[in-house]
Amino acid sequence: MISLIMKNMRINVRSDSRQKCRACERKFEESGSLMPLELGRVMYIPGRKLMGLCVVAKNKPGVLAKIASLMAEAGFNILYVVTNTTPHKISDVATVVLYLDLGRNFDKLDVVVKRLKALSVVKDVKTFKPVLDCLLADRYHFPLTINGMRAVLMAMPVLEGLIAITQKHEALKAILWHQGIEVGRRVVKSIKELYGIKSYHEFIRILQARAMSLGWFRIRVVHEDLPERKFVLRLYNNWECEIIRSWGPKDKPQSMFIRGILSGMFREVFNEPFNVIETKCIAMNDPYCEFYITRTKLIQ
């Protein structure tokens, strides 16, 4: 079946193009320029004098530099900083959240807070102390949002719990697939509303950016045939299959949820049903998950 699909897709690439494709693929896989980004807003460092500051300030150039300069003068080490403003429109106010290691300069905190409040660009300063003396968490921002919509971060143990039950009961995998379809359709609808996209290429560029920025996976388009509605996507670090791979190598592709999402997304973009087949999978020790996406032929 898969070989027939591949034949029908007529992916004919000349030798020099193949070499360029392989070079690009190697560069894409080599993640040396990439690094993890901590989003949890929770810091745990035993033995350190931790303290948090929430600074409400004017949103203008040089403000962050002034705040950082005061921290340096006091001998405070900035371990983590989050600047927050409205991302989809210009705002006059920004919030700067600082996670600090006060070291031996703990007694300077009150003076630093007073100096911050005295700055003309600062509107307010709040502090938050660590929990259990070594765990520091931002308690001033809730809920989390993405482009104004509420978002919920889920670490791997939570996602593992959602996936694990489907490994014990085969019938539940179909539920993952159907849930994925619904998720994919809703995501595309929200993308259309947020960005006003009108074409497939606009959609795929936004999908690549959002999927990577939200930590879902990295996407590479290997083949696209718009008139025939045939596509090949490679997903690197697909979280669903990374979880399953951690339980031991498999003998067949494992994606159900992400495969459903892709089906739902393409259905919503083109307003017609799509079939998605995973032919390579990191759970099988392949370097990526590869998906063949084709328009579903309706039986007359």
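The values are calculated or read from the model by the stated rules, or taken from the named source; none is laboratory data. Worth saying up front: this structure is predicted, and the values here are computed from it rather than measured. Note: ideal-geometry Cβ built from the backbone for every residue, glycine included; neighbour counts use all protein chains shown. Surface accessibility is based on the protein's heavy atoms, side chains included, excluding ligands, DNA and RNA. Shrake-Rupley method; radii C 1.70, N 1.55, O 1.52, S 1.80 Å.
If you go through the stretch 120-136 and keep only what is assigned to a loop (DSSP other than H, G, I, E, B) and not basic (Lys, Arg), you end up with SER120, VAL121, PRO130, LEU132, ASP133, CYS134.
Residues in the stretch 262-292 that are among the β-branched types (Val, Ile, Thr) and surrounded by fewer than 21 Cβ atoms within 10 Å (Cβ to Cβ) were compared, and the one that is farthest from HIS178 (Cα to Cα) is THR279.
As a summary of the residue check, LYS173 satisfies the conditions (1) within 21 Å of CYS241 (Cβ to Cβ); (2) at pLDDT 95 or above; (3) not hydroxyl-bearing (Ser, Thr, Tyr) except for the one numbered (2).
One residue stands out among those in the stretch 192-205 that are open to solvent by less than 20 Å² (accessible area, probe 1.4 Å) and touching a residue at least 40 places away in the same chain (Cβ under 8 Å): the one that is farthest from the chain's Cα centre (by Cα), which is TYR200. Candidates are the residues of the stretch 206-251 that are part of a loop (DSSP other than H, G, I, E, B) and under 17 Å from LEU159 (Cβ atoms); the one that is least open to solvent (accessible area, probe 1.4 Å) is ASN238. Of all residues in the stretch 141-163, those satisfying the criterion of being touching a residue at least 24 places away in the same chain (Cβ under 8 Å) and either loosely packed, with under 13 Cβ neighbours inside 10 Å or part of a helix (DSSP H, G or I) (or both) are GLY148, MET149, LEU153, ALA155, MET156, LEU159, GLU160, ILE163.
Per the conditions (1) under 18 Å from LEU136 (Cβ atoms); (2) among the aliphatic types (A, V, I, L, M); (3) over 24 Å from the mean Cα position of the chain (by Cα), the sole criterion not satisfied by LEU79 is (3).
Within the stretch 259-296, which residues are in a helix (DSSP H, G or I) and touching a strand residue (DSSP E or B) at 6+ places or on another chain (Cβ under 7 Å)? The answer is ARG259, LEU262, SER263, PHE266, ARG267, ILE282.
Candidates in the stretch 120-140 are the residues that are of a type in the set (A, V, I, L, M) and without any contact (Cβ under 8 Å) to a residue 40 or more places away in the chain; of these, the one that is surrounded by the fewest Cβ atoms within 10 Å (Cβ to Cβ) is LEU132.
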